[in-house]
Structure formats: structure tokens, C-alpha cells
Amino acid sequence: MLYKKRLFQGAALAVISALTLTACGGGTGRSSSAVSNNTKANTSTSSGTSSTTNTSNSADTSTTTTTNSSTPIRLLNGKVEIDEQLQQYASNYEKKTGQKVIIESVGGGVDITATIKNYNAAGNMPDIFVTTPGDLSQFRDLYYDLSNEPWVQDTEAEMLDSEGRVVGAPYAVEGIGLVYNADILAKADINPDTLVNINEQRAAFEKLDAMKDELGLQSVISVAAESGQMYWSTGNHIFSAYLTMGVDVSDKTLLNDLLGGNMDAERLGHLADYFKLLCSYADPTVLLSGTYDDQLALFAQGKAAFITQGNWIDPSLPTYGATFDCGILPYAMFEEDTSGVTADAPSWWAVFKDGKNVPASIAFLNDILMSDEGRKMFVEDAGAISAFKSSKYAPSTPVSANLFKRMQAGPTYAWDWSFLPASISQNSLAPVFELYAKDEITRDQFVSMIMTSVTDYVAENQ
């Protein structure tokens, strides 16, 4: 498998430069991104619009060509929290081009890889589907080659197959970590910028725990470790600290070692200590049986100072009436400072090569990724960060804005878990995290069980 070095810090700086030029020269801005990882266990469909080809390398697709299909385009979206934004974009696209697009959104406890397998086996593949590098070996015959599309030269985050073909289009950069309520930290006189090692975070948790009644907190941290629905939060996101926390984005040693059957027990021990620290200050009901909605509500209602999520929660915060400022911190599992942020493309969109709507699907994909409307939708409406260097929109929603600032300052840590075999989080990792959260296994057992389950799963699914 091939993957490009993720240069999102450079991409973020490129956006700042573009914004500066816009302010000085009166140009128009734009951007692109989406939001969130697997979230609420829920599916929804909606019709909208699609079709348009852009043969230039410009970020504007105001002209369209006759690539419309009489059959609606189906897009399988893996992020239900941006379902509404995608539906609206699809509807507007249909009005603009006459091409209908159906958005099918799945997330949360749904195994998207298994869903795609079932669709393919039934001869019911969507035209555009969400994918990750972990799918490459089993979906290699499904991907259309997107190497010559105009957005490829505008990003460092495209997904490549083993032959170097571009088979996945990035639509966002997301950050994962410890999201905080800045207003609560300010009331407790805690500076979030100092919380970049395990000792500083532990001291902050202890202080907030002693002030729970005064601050109106139900718990210090909102953590959800139930492996049936929340496997992606523990098995992907929190486990990501093992692979990349404090590691340069170009260094794939830990990833390659894991894929080769070797893991670092000492580093896993640090992860075990950090996860146990989080659990110690979590609401026990949410921790052991909570859904994504339960976890988010605890934080969004101001009843927890932290949540183990990412910037994709931004669009959901207003639905709870949340008006507080937010930021994001690293999963700082070491005594040494790790001041960077874990940010990368969370997933990619691929085109089904044997579909009946390939030209129309590519046209829609190019439009949503490169048009001003698409880039504005992803950043301003979905609260995401663009994966494209020419983007001129910067996020204004609280978590994304803070993430963007931290990406500019650097360093940035990669999402290397996305290169692990498909479904490893739910089948191998998350169950061990759940057992540890329940205090049913010891620290040493956590380490040994992770090492055994992961290496066995990788060996069976290479």
C-alpha cells in the first residue's frame, strides 16, 4: 500500500496566506472539508442533485457539461453529522444541473466496510462510497482511477492504491483528542495550553473534580467505551495515540512494525495508563453503556469539562444550546510534552468503477470538492477544515477554529490507524478497551491482550 506524507501544517499555512491575499486584494474566498468520524448509530437517505465536470485545475466549477445521468447518483456517506449539509448541497446541485443525487448516510455502530461488502454482493453498489486505506486489499477491484481529476494537484491527502493510482478523494481534515470547554477551564483558572503532558492533565482533572459542585459538573470527562457502538472512539481514535502521538508524520515505524507483527509493550503501557486516567474521571454510566449521543450530551450541556472526540462535534453543539468556547488537546500520554494535534483526512470518497453513473459521479465529486459552494459548505456549514491547499475558507466553529490554530503552530500527528486492516477496531481493539474500562483486566493484561489480538488479526487479514 502507498500513502503520501501528510503535510497538513503546510496546507493550513497556505489557507492563511490565501486569506491574507483576499483581504489585501479583494478576492473571493473558498474552502472545503467535512466532519466527524463514525457517530450516531443511524441511517438516513435524502435526494438532492449531481453532475458536472471540471476539466480545469481551477477551484471553481461554475460551468457544467452534459454528463448528467437519468439515473440518480447514490453517495454513501459515513458521517451522519453532516447528512443535513450534504442533503442541502445535493438539492442545490440538482437545481443547478438537473442531476439528482441521493445521499445515504450511515454511522455509529454500523460497520461501513461490511455494509459496502453487502451492497457489492447484492449488486447494489452506490456510485460514490466512503472508504479508508484499510479497505484497499478487499476493494481493489471496485475503485475508479481518479488520478487525472483536477483536485489531485491541490492536496497532499489523496488515497493511493498499491500501484500509485489515486482511488480516494479527501473531503476534510479532522482532529481527534481531548476537546475542552474553555469557559469551565477559565473559571477553574486552568490554562489549556499547559495541558500537553500526562502530569499536567492529571493535575487539571484533580482540580476540576474537587470543584464539580461549584462548576455544575457531573463528571470531569465524558468518555464512552462500550465496544458495540463506540468501538471507533476507543479502537481507532484513542488507540491512535499509540501509533502517532509525538511522532513525526513521515515516521511510519510504529505502523510498519505493527503490520509486521511487532508492537512496543512500553508504549502500550503509557497508553494503558492514560486511558485509565481518563476513565477515572469519567461518568460511569456514559463510560460503560453510553452511546455517542449520551457522551456528546454530557459535554454539550456543560456537565463535563472534556470529551474524547474531535472537531466533528461542532455542528451538533448548537442543538444543545451550547454557547461556550471550545478547544482541543492531544491525548498526552507521556510525561514529556506533546504539544501537537492529531489531524488528518478521516476517510475518503471513492467512485465505483463499474457503476452506470461514473461520468456524472465524477462530475458531482469534482463540483463538491472544488466549487466555491462546496468548499464553503464543508467549512462554514459543516465546521470542517479543508484538505485542499487553494482553499480560502477558515473554520469559525469553536473546536475547528482552535484545531486550525494548533495545526498552524504544529506539529501535526497522523491518523495512521486508518492503514490498519478493516474492522480491526471493533473486532480486536475496542473489546479490550471496554474490559479495561470495566476494571475486568489489569494494566499488564491490557497490554498483552492488545498485542495478541492485534497481531493475530493483522496476520489473518493482510
The range 107-177: GluC sites (Glu not before Pro) in DSSP coil with no more than 14 other Cβ atoms inside 10 Å: Glu163
Computed [θ] at 222 nm, deg cm²/dmol, the chain (DSSP H ≥ 4; -39,500 (n - 2.57); rounded to nearest 500): -10500 deg cm²/dmol
For the Lys207, Tyr320 Cβ pair and Förster radius 22 Å, calculated FRET efficiency rounded to 0.05 is 0.30
Label of the coordinate-derived value, Kirkwood radius over Cα pairs in Å, listed as (1) 26.2; (2) 29.8; (3) 22.1: (3)
Can you give the relative contact order of the chain as a percent, counting alpha carbon pairs under 8 Å and 6+ residues apart? 29
Using DSSP, restrict attention to beta bridges with both residues in the chain and report what percent are antiparallel, rounded to the nearest 5. 70
Net charge around Val286, counting only other residues with Cβ within less than 11 Å of its Cβ (Lys, Arg = +1; Asp, Glu = -1)? -3
Given charges at beta-carbon only (K, R positive; D, E negative), |dipole| of the range 294-365 in Debye: 500
With the dipole of the range 228-383 worked out from charges on the C-beta (+1 for Lys and Arg, -1 for Asp and Glu) around the Cα centre, which of Gly321, Ala304, Ser250 lies farthest toward the positive end? Gly321
Taking Cα pairs closer than 8 Å and at least 6 residues apart, the relative contact order of the range 219-368 in percent is 33
Given 0.36 nm per residue, what is the gain on full extension from Glu336 to Arg140 after removing their alpha carbon distance, in nm? 66.5 nm
How big is the charge dipole of the chain about its Cα centre, in debye rounded to the nearest 20, if each Lys and Arg gets +1 on its Cβ and each Asp and Glu gets -1 on its Cβ? 1120
Between Gln88 and Asp248, the two model label points (7 Å from Cα along the beta-carbon direction) sit apart by a distance in nm of 4.3
Which order, highest average first, do 293-299, 122-128 follow once you tally other Cβ atoms within 10 Å for each residue and take the mean per peptide? 293-299, 122-128
Can you tell me which of 328-336, 397-405 comes out highest on packing, and rank the rest after it, using the mean Cβ neighbours within 10 Å? 397-405, 328-336
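No value in this document is a laboratory result; all are computed from the given coordinates. Computed from a prediction, not measured in an experiment: that's the story for all the values here. All Cβ positions, even for glycine, are placed from backbone atoms using ideal geometry, and neighbour counts span all protein chains on display.
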